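The values are calculated or read from the model by the stated rules, or taken from the named source; none is laboratory data. Being a predicted model, the structure only gives us computed values, none of them experimental. When we count neighbours, we look across all protein chains shown, and the Cβ atoms used for this are built from the backbone with ideal geometry, even at glycine. Just the protein is used for accessible areas: all its heavy atoms, side chains included, with ligands, DNA and RNA removed. Shrake-Rupley method; radii C 1.70, N 1.55, O 1.52, S 1.80 Å.
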Amino acid sequence: MNEPQPAVRGIGVSAGTAVGPVVVMPEPIEEPPPGRRLAPRDDQQAEAVRLRSAASAVADDLMRAADAADGTTQDVLGATAAIAADPTLLADAERRVLDDHLVPERAIWEAADAVVRQFTELGGYFAERTQDIADVRDRIIANLTGLPAPGVPDHPEPFVLVARDLAPSATAALDPERVLAIVTELAGPTSHTAIVANAKGIPAVVAATGAVGALASATLVLVDGSSGVVTLDPSADQVARARELASRTRTFDGTGRTADGHRVALLANVGDPTGAAAAAAAGAEGVGLFRSEFCFLGREDPPGVEEQVVEYRRVLTEFPGRKVVVRTLDSGADKPLEFLSSPDEENPALGVRGLRTAERWPQLLEDQLEAIALAARAESADVWVMAPMVATVDEAQWFVERCAAHGLSQAGVMVEVPGAALLSGQILASAHFASIGTNDLAQYTMAADRLLGSLAELNDPWQPAVLRLVEATCRGGAQQDRPVGVCGEAASNPVLAAVLVGLGVSSLSMTARALPDVAALLAAVTHDECRTLAQVALTAPSARSARDAVRERLPVLAELGL
């Protein structure tokens, strides 16, 4: 009897297989000794200047990397560069050099620690940014002390990167030509690691407990970014098979359907005009989620109507005659805007965000709807509009009315709140469609912060409770003869996509890179098989057992390399 191969299991978040030697991310910069002070003869002013110069150099390096990137990668690197240039953080560190006589590296450590404590207490988006702050702190200390900057180590050949966790800036800077796959102990299905890996097409496994200890540097491993299994010392046959699968080039013909011809629209999520062009080139049938925040972020004041029209048209023009679903401004929580601040919120994830901001700042929504309407009239795309964070029937009715006032006839809602899923039939009596945001739906259903890697098992769209809410939403859509789509990260997972179709979902919107894989799996199963898989997942006791049970019923996955 063959002994089972040693393996590490986690959550597969970016499909694909890869084989390569392990490179373990080095441990982070060590904390400078507490109380370490300058000598009396040291020039304190010069040390403060040296600190500012180091921070400036780090910010410049990050901005150069951001300028050379695009899409999500550019956003993450730009946000981290902004932290390095934050005058408040630097002023506090300089004060600790000048007043407390701390050495610069200890000063920036303590200043960053103070911000981390504040952000941790605030929770939500702010708690997520603590990792960025620590990353910037370590980069500044490395510059000050002459150590290598934190980040992915150099290696003479392509490798599998194994880490306890990855800072957003490190993830965003990954080169798919060098990094064959990613395995982390922490992070979750909706983390920066998952989202960026998916966008870059790098197979990735997260929440792989014990990975750093089990996967020693130079060990040859086979990473399956679909199943979440990392196999140590794979056989020659396994290596050959994995490399053959990785070498395949799969394309999407522009029409999503099951093996028996049941149509499933396969759309793309886009966040800016560059992403729209890439999605169109990949054959997306349209856009299921156009994140409109890109022209609001990083500003002290919101853009005017005319400026918004110009930006929206740059996206719409890529999809003549095809559907583009514009999500109105989704601010708050993990997307704070300076001109929409709610400093009194102890838990921003449950606060004034999404459509709720329209009650406090109504003109912002009116201007945006007017801009969308003008852009739609100037282009030939089929423009639909949806509101994020809708929780009640009254909110849905009000949003539909506001859209109609601007001549926008296709007005829908995001289903991210469990209450909206349970009342979907009533909500869709007025709203024309629903799009399920599985990232937030999972965190609100399971009471698990989507940004905490330690809760990745709970915050998983495979959770049967989450899938039951998807089913409930689809049932409400069927009652009113309204379409229901999914635009969360779940739609990018080919196996889960089949389950979603079986639950009644009529469209899937995903990162453009996922389109060929999702299309290939759907084309290999019938609609009835999708329904059977959905029931298997719904009756499972856990997310892991649901995922495993569905995969066991899909032998075609081996042939497809999924």
Any chance ALA187 is open to solvent by less than 20 Å² (accessible area, probe 1.4 Å) and aliphatic (A, V, I, L, M): yes
Out of GLU379, GLU366, I need the residue that is over 28 Å from GLU489 (Cβ atoms), open to solvent by less than 60 Å² (accessible area, probe 1.4 Å) and touching a Ser or Thr at 6+ places or on another chain (Cβ under 7 Å). Which one? GLU379
Exactly one condition in (1) buried (at least 21 other Cβ atoms within 10 Å of the Cβ); (2) of a type in the set (Ser, Thr, Tyr); (3) over 27 Å from ASP67 (Cα atoms) is not met by THR120; state its number. (1)
In region 472-494, is there at least one residue being in a helix (DSSP H, G or I), in contact (Cβ under 8 Å) with a residue 40 or more places away in the chain and more than 29 Å from VAL525 (Cβ to Cβ)? no
When (1) in a helix (DSSP H, G or I); (2) among the aliphatic types (A, V, I, L, M); (3) within 24 Å of the chain's Cα centre (by Cα) are applied to VAL505, the one that fails is (1)
Only unsatisfied item for ALA279, checking (1) modelled with pLDDT of 90 or more; (2) open to solvent by 40 Å² or more (accessible area, probe 1.4 Å); (3) in a helix (DSSP H, G or I), is (2)
From the residues in region 210-231 that are in contact with a Gly (Cβ under 7 Å, 6 or more places away or on another chain) and in a loop (DSSP other than H, G, I, E, B), which one is surrounded by the most Cβ atoms within 10 Å (Cβ to Cβ)? GLY225
So, in region 248-276, exactly how many residues are among the charged types (D, E, K, R) and open to solvent by less than 60 Å² (accessible area, probe 1.4 Å)? 1
Being modelled with pLDDT of 85 or more and surrounded by 17 or more Cβ atoms within 10 Å (Cβ to Cβ) is the filter here; which residues of region 26-35 pass it? PRO32
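Can you find a residue that is part of a strand (DSSP E or B) and either surrounded by 17 or more Cβ atoms within 10 Å (Cβ to Cβ) or among the small types (Gly, Ala, Ser) (or both) anywhere in region 330-337? Break it down stepwise before answering.
Narrowing region 330-337 to residues part of a strand (DSSP E or B): 332, 335.
Narrowing further to those that are either surrounded by 17 or more Cβ atoms within 10 Å (Cβ to Cβ) or among the small types (Gly, Ala, Ser) (or both): 332, 335.
Scanning region 330-337 turns up at least one residue that is part of a strand (DSSP E or B) and either surrounded by 17 or more Cβ atoms within 10 Å (Cβ to Cβ) or among the small types (Gly, Ala, Ser) (or both).
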Looking at region 541-554, is at least one residue in contact with a strand residue (DSSP E or B) (Cβ under 9 Å, 6 or more places away or on another chain) and charged (D, E, K, R)? yes
Could you list, in sequence order, all residues of region 437-466 that are in contact with a Lys or Arg (Cβ under 8 Å, 6 or more places away or on another chain), under 22 Å from CYS530 (Cα atoms) and open to solvent by 40 Å² or more (accessible area, probe 1.4 Å)? none
Filtered residue count, region 232-247, keeping only those that are open to solvent by 30 Å² or more (accessible area, probe 1.4 Å) and either in a loop (DSSP other than H, G, I, E, B) or of a type in the set (Val, Ile, Thr) (or both): 2
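Does LEU166 satisfy the criteria of being farther than 23 Å from VAL270 by Cβ, in contact with a strand residue (DSSP E or B) (Cβ under 8 Å, 6 or more places away or on another chain), open to solvent by 10 Å² or more (accessible area, probe 1.4 Å) and not in a helix (DSSP H, G or I)?
no
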Looking at (1) out of contact with any strand residue (DSSP E or B) (no Cβ under 9 Å at 6 or more places or on another chain); (2) at pLDDT below 95, which is the one condition that is false for SER342? (1)
ALA448 is checked against (1) free of Cβ contacts under 8 Å to residues at least 24 places away in the same chain; (2) not in a loop (DSSP other than H, G, I, E, B) and fails just one. What number does that condition carry? (2)
Residue count, region 416-432 (criterion: open to solvent by 10 Å² or more (accessible area, probe 1.4 Å), part of a loop (DSSP other than H, G, I, E, B) and not small (Gly, Ala, Ser)): 3
Reported set for region 477-502 where residues are of a type in the set (A, V, I, L, M) and more than 15 Å from ILE427 (Cα to Cα) is VAL486, ALA490, ALA491, VAL495, LEU496, ALA497, ALA498, VAL499, LEU500, VAL501
Restricted to region 525-560 and to residues being under 30 Å from ALA240 (Cα atoms), of a type outside the set (A, V, I, L, M, F, W, C) and in a helix (DSSP H, G or I), the residue least open to solvent (accessible area, probe 1.4 Å) is ARG547
Does LEU469 satisfy the condition of being crowded, with 21+ Cβ neighbours inside 10 Å and under 17 Å from ALA259 (Cα atoms)? no
First in region 138-150 and more than 15 Å from VAL49 (Cα to Cα) and in contact (Cβ under 8 Å) with a residue 40 or more places away in the chain, second anywhere and β-branched (Val, Ile, Thr) and surrounded by fewer than 23 Cβ atoms within 10 Å (Cβ to Cβ), Cβ under 9 Å, 6 or more apart: ASP138/ILE29; ARG139/ILE29; ALA142/ILE29; LEU147/ILE29; PRO150/ILE29
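Could you grab me the full set of residues in region 377-393 that are assigned to a helix (DSSP H, G or I) and farther than 20 Å from LEU441 by Cα? Break it down into steps so the answer makes sense when it comes.
Step one: filter region 377-393 for residues assigned to a helix (DSSP H, G or I), giving 377-378, 393.
Residues satisfying the conditions are ARG377, ALA378.
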